[in-house]
1. Would you check if Glu11 is part of a strand (DSSP E or B) and either at pLDDT below 95 or in contact with a Pro (Cβ under 8 Å, 6 or more places away or on another chain) (or both)?
2. Check segment 36-43 and report whether any residue there is outside any helix (DSSP H, G or I), over 18 Å from Val164 (Cα atoms) and at pLDDT 95 or above.
3. Inspect segment 147-168 for any residue being at pLDDT 90 or above, in contact with an Asp or Glu (Cβ under 6 Å, 6 or more places away or on another chain) and under 14 Å from Val103 (Cα atoms) and give the result as yes or no.
4. Could you please find all residues in segment 125-140 being among the charged types (D, E, K, R) and in contact with a strand residue (DSSP E or B) (Cβ under 7 Å, 6 or more places away or on another chain)?
5. Any residue at all in segment 43-59 that is under 15 Å from the mean Cα position of the chain (by Cα), on the phi > 0 side of the Ramachandran plot and among the charged types (D, E, K, R)?
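The values are calculated or read from the model by the stated rules, or taken from the named source; none is laboratory data. Owing to the predicted nature of the structure, the values given are computational and were not obtained by experimental measurement. Glycine also receives a Cβ, built like all others from the backbone with ideal geometry; neighbour counts cover every protein chain displayed.
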Amino acid sequence: MTETGERARREYTWKAFVLCVVGFCLAGLAAWFGYVQLFTKGLERLPATVCDDTVPRDMVIRVLPEARAAVERAHSTGAGADLDYFCHVTTSDDARIWSRTQVVDVARKDWLERDGRRGAGGPFDHVASAGVEALASEDHYSGVYIPCTPSTGHIYGDPADYAVVTEVWVSAYDDPAPTGPIVRQTLTDIAYRVARHAYELAGCRAPHAFPAELPRYEVR
């Protein structure tokens, strides 16, 4: 074989090798992109806001692990003092964020000392603003309390002791849910938005001057 032919053969072999490497890289990139889109972007395909247009999707993404698919649902029963409002997001891996809001006969002190801590199995964070109380604990629970004097429904005792109480839980099984101060804060932000929505649904007598957001928890 002539020197020119040998050089051409080497060039052809090198080009073939480069094309194979590029082909494998593109195939790997396509497989990775397909996996990401099919198996990890389920939360991104939720509506822009959930819980009757009150909670931004980004808040949900912060507290749930990635998943192939996710669904959200919100519904309520009753009105006034009988309001019971639910909202949840569930993923294909059975991770979920779940909230329940009720109008209940519980004084602020009692809620803080007893009811507000029943979902908080350990150290908890507490903030308050404009009459609103909030607790968060263990990266999986938050509760929000807003005084509410109901105008309808079955009212027992002193109407001034009633409040809108929202509790939010997050749980995950196959993949651990995110943890840390950002999660606790986000759970409270979700609970606060849901509680404000329920306050309107319940038709509480006095309009409430809600702050745009509750104070931030101290990082611990």
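1. Numbers: part of a strand (DSSP E or B): no; either at pLDDT below 95 or in contact with a Pro (Cβ under 8 Å, 6 or more places away or on another chain) (or both): yes.
No: the conditions fail for Glu11.
2. Looking only at segment 36-43, we keep the residues that are outside any helix (DSSP H, G or I), and these are 40-42.
Now narrow it down to the ones that are over 18 Å from Val164 (Cα atoms): 40-42.
Next cut, at pLDDT 95 or above only: none.
Checked segment 36-43: no residue is outside any helix (DSSP H, G or I), over 18 Å from Val164 (Cα atoms) and at pLDDT 95 or above.
3. We begin by selecting, within segment 147-168, every residue at pLDDT 90 or above; these are 147-149, 162-168.
Remaining after also requiring in contact with an Asp or Glu (Cβ under 6 Å, 6 or more places away or on another chain): 162.
With under 14 Å from Val103 (Cα atoms) added as a condition, the list becomes 162.
Yes: segment 147-168 contains one or more residues that are at pLDDT 90 or above, in contact with an Asp or Glu (Cβ under 6 Å, 6 or more places away or on another chain) and under 14 Å from Val103 (Cα atoms).
4. Across segment 125-140, the qualifying residues are Asp125, Glu133.
5. Step one: list which residues in segment 43-59 are under 15 Å from the mean Cα position of the chain (by Cα), which gives 43-59.
Then drop every residue that is not on the phi > 0 side of the Ramachandran plot, which leaves 51-53.
So of that shortlist, the ones also among the charged types (D, E, K, R) come out as 52-53.
For segment 43-59, residues under 15 Å from the mean Cα position of the chain (by Cα), on the phi > 0 side of the Ramachandran plot and among the charged types (D, E, K, R): present.
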